[in-house]
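Input: a single structure, listed below in structure tokens.
The values are calculated or read from the model by the stated rules, or taken from the named source; none is laboratory data. No experiment lies behind these values; they were computed from the predicted model shown. We place every Cβ from the backbone using ideal geometry, glycine too, and count neighbours over all the protein chains shown.
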Amino acid sequence: MRFMVIVRANEFTESGEMPRPELIEAMGKYNEEAVKAGVLLAAEGLHPSARGARVHFHGSQRTVVDGPFTEAKELIAGFWLIQVKSREEAIEWVKRCPNPTPDESVIEIRQVAEFADLGENLTPELREQEARIDALVAARAAR
Amino acid sequence: MGGAGWIGPAAVTGSRPNRSTPVEVSVRFMVIRRADAVTEAGAAPTPAIMAAMDKYMAEMQQAGVLIEGIGLKPSSKGALVQFDAGKPRVIDGPFAEAKELIAGFSLIDVPSLEEAIAWARRWPAIDMEANVALEIRPLFEESDFAEWQETWQHAAPG
């Protein structure tokens, strides 16, 4: 099962303040362990929302709003994508993570929706189209 | 006093696609599909929505923009790990505030925020019955870490 492990934003992640070398080192060690265990698929951190934007959809209309966005707890700051056998194993990995921000942090664990979950809504045509996209993405990544 | 700012999880394992020749000007963005009542209900998408999303993803792929696209199951299948003074505490989903949640994301590689916005605007409207927003956020890159490293060296005693 794949899980997305999401670091919720807080005032520190939104401040754009530089991280301490010790934290980078601890996080690097943790990531290396997850890679060696064959668990880690991808991991990324996001710049503060001040450097981002939102596109709001109202019917056919599109409205662009520049960051920053005020409610830090509604935002995310980064994520891991992991492959594990169960939700419990995902939680165990997350508990071992260095606290990603000073003081209080929240990390959210969410299961990735796989094609197998779509049931009969995944028609043969759609399955073929998905396979084509996957092949193209894989080819690009290997380039 | 301040404390450490945010470090991206990507300190070691950036997931940028390998390229034989580096692209000079390109930035990676996460395009976040926020959750709503529909995504939190966990119903399977209709074939029409699937087809529209596939078409959109194929367009981004053909333009060489798409790195990854991921959809998440409802928060009822997930959990929160909350760190208080370094101690982890586990809270099972679902989580009450749908607008604080995300339902999925795409990772794209484009020259600028403007181009990322242009792609986001083309998101299939059929997916947007609830009039939710897409959020566009740049990723931390190796160049950011290089900058920090330089600052530490300057700050190091001796």
Selection from the stretch B:127-145 of residues of a type in the set (D, E, K, R), part of a loop (DSSP other than H, G, I, E, B) and either at positive phi or at pLDDT 80 or above (or both) yields B:141
Return the pairs, sorted by first residue and then second, in which the second residue is assigned to a helix (DSSP H, G or I), the first residue lies in the stretch A:79-95 and is assigned by TED's automatic domain parsing to the domain that holds residue A:7, the beta carbons are less than 6 Å apart, and the residues are 6+ apart or on different chains.
A:80/B:9; A:84/A:90
Of (1) modelled with pLDDT under 90; (2) among the basic types (Lys, Arg); (3) closer than 26 Å to residue B:57 by Cβ, residue A:20 satisfies all except one. Which?
(3)
How do the strands (runs of 3 or more DSSP E) wholly within the stretch A:31-107 filter down when requiring 2 or more residues that are under 15 Å from the mean Cα position of the chain (by Cα) and within 9 Å of chain B (Cβ to nearest Cβ): which remain?
A:40-45, A:76-83
Those residues that are surrounded by fewer than 15 Cβ atoms within 10 Å (Cβ to Cβ) and over 19 Å from residue B:144 (Cα atoms), I need them from the stretch A:1-28; list them, please.
A:11
Out of the stretch B:46-55, which residues are surrounded by fewer than 19 Cβ atoms within 10 Å (Cβ to Cβ) and either hydrophobic (A, V, I, L, M, F, W, C) or more than 7 Å from chain A (Cβ to nearest Cβ) (or both)?
B:48, B:49, B:51, B:52, B:55
Within the stretch B:74-100, restricting attention to residues that are within 14 Å of residue A:111 (Cβ to Cβ) and facing chain A (nearest Cβ under 7 Å), which residue is surrounded by the most Cβ atoms within 10 Å (Cβ to Cβ)?
B:75
Of the conditions (1) of a type outside the set (Phe, Trp, Tyr); (2) modelled with pLDDT under 85; (3) closer than 27 Å to residue A:14 by Cα; (4) under 21 Å from the mean Cα position of the chain (by Cα), residue B:94 clears all except one; give me its number.
(2)
